[in-house]
């Protein structure tokens, strides 16, 4: 079976298609002698003349016409292959799946992801939201690549990158008896209806642990999944709540009173990902971006 050079076949195809050695040389960014050498090499491999050359022109031989038909098909297949590879590369663009809580998806991630994508336009981002516990499970099960969550006992399978510490504050309606205070103690919550985040929330875990350590008992404990709904509930005077300051900054002096605690209740927020993915390029770029934001104090 004869082995033909693919390059020589494609050069021959362009020579015949354009009807000129010089035009083919210009198109292929080659010298004219180089083009002639490819055609001569192909004729040597075929063992017959493919072109009859005259002064400034040429004609296809019977064998040349047959070779041109095959070269035409090969050129079309090469273009199809190039297109398919391009599509495949687009489909295989790096995808970074990030999970975070609903609050962070609203108050922090837009600025982080906006600047990250500006610096890394080739990395696609998929943002998922959920409770902290669900998000940790999602990174272990590889549904997400990284998660941004607060105050977690980290599995030995996971690597934790400390991101920021969040201050937890008391929120009340504007005419609540505690609203006149400039600072409160956790013990001041005793006897008031307290609205907390749902099971699986890091904020809930920190708040209830702090109250339990001081043996503080609210009159009622109300679970709510949505931080926005909690703020609406509190603004209507139906209870008080404890949330991260960042989540209520826009609401202060409008519908809610925001009061700090003497005890400085803090929530540590970390980025978690599997140790087995420590050298993943997209994850490393995301971490370096966060380190840069930390260095410029943008996250505080």
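Any read-out appearing in this document is the output of simple, stated calculations on the displayed coordinates, not a laboratory observation. All figures in this text were calculated on a predicted structure; none of them were measured in a lab. Here the Cβ is made from the backbone with ideal geometry for all residues, glycine too, and neighbour counts use every protein chain on show.
What is the fewest-to-most order of 255, 176 by other Cβ atoms lying within 10 Å of their Cβ?
Ranked by crowding around the Cβ, least crowded first: 255, 176.
Roughly speaking, what is the centre-to-centre gap between the stretch 211-234 and the stretch 113-184 when only Cα atoms are used, to the nearest Å?
About 19 Å separates the Cα centre of the stretch 211-234 from the one of the stretch 113-184.
Quick one: the Cα spread of the stretch 6-91 along its three principal axes, in angstroms, biggest first?
Per principal axis, max minus min of the Cα coordinates gives 50, 25, 19 Å.
Given springs between every Cα pair under 10 Å in a Gaussian network model of the chain, which of 54, 191, 239 has the largest fluctuation?
Taking springs between Cα atoms under 10 Å, the residue moving most is 54.
Going by Cα centres, the stretch 9-84 and the stretch 188-208 are how many Å apart?
78 Å
How fast does the stretch 152-234 diffuse by Stokes-Einstein, in µm²/s, taking the Kirkwood radius from C-alpha pairs at 4 °C and 1.567 mPa s?
Estimated via Stokes-Einstein, D reaches 89 µm²/s.
Please identify, among 135, 50, 96, the residue showing maximal mean-square fluctuation in a Gaussian network model of the chain using a 10 angstrom Cα cutoff.
50
If you fit an axis through the alpha-carbon atoms of helix 202-213 and take the longest principal axis of the Cα set of the chain, what angle between them do you get, 0 to 90°, nearest 10?
Computed tilt is about 30 degrees.
Return a whole-number percent for the relative contact order of the chain, with Cα pairs under 8 Å and 6 or more residues apart as the contact set.
Across the chain, relative contact order equals 20 percent.
Under a crude label model (7 Å from the Cα following the beta-carbon direction), how far is residue 32 from residue 74 in nanometres?
Between residue 32 and residue 74, the label points sit 2.5 nm apart.
If packing is taken as the average number of other Cβ atoms within 10 Å across a peptide's residues, how do 142-148, 66-72 rank, most packed first?
142-148, 66-72
Just check the stretch 164-300 against the gyration tensor rule for me: Cα atoms, a ≥ b ≥ c as the square roots of the eigenvalues, rounded for a/c under 1.5, and otherwise prolate or oblate depending on whether a/b exceeds b/c.
Judged from the Cα gyration tensor, the stretch 164-300 comes out prolate (a/c at least 1.5, a/b above b/c).
If you count the DSSP beta bridges with both ends in the stretch 165-266, what percent of them are antiparallel, to the nearest 5?
Taking every DSSP beta bridge with both residues in the stretch 165-266, the antiparallel ones total about 50 percent.
Where both partners of a DSSP beta bridge lie in the stretch 1-149, what percent of those bridges are antiparallel, to the nearest 5?
About 30 percent, rounded to the nearest 5.
Tally the DSSP beta bridges in the chain and give the antiparallel ones as a percent, rounded to 5.
Roughly 60 percent of the beta bridges in the chain run antiparallel, per DSSP.
Testing the spin-label approximation: label points 7 Å from Cα along Cα→Cβ at residue 245 and residue 217. State their distance in nm.
Result: 3.3 nm between the two label points.
Would you report the distance distribution of C-alpha pairs in the chain as whole percents per 20 angstrom bin, up to the bin with the largest distance?
That works out to 26, 31, 17, 16, 10, 0, in percent per bin.
Angle, helix 32-46 long axis vs. longest principal axis of the chain, Cα atoms, 0 to 90°, nearest 10?
70 degrees
Given R₀ = 22 Å, FRET efficiency for residue 133-residue 162 by Cβ-Cβ distance, to 0.05?
E between residue 133 and residue 162, to the nearest 0.05, is 0.70.
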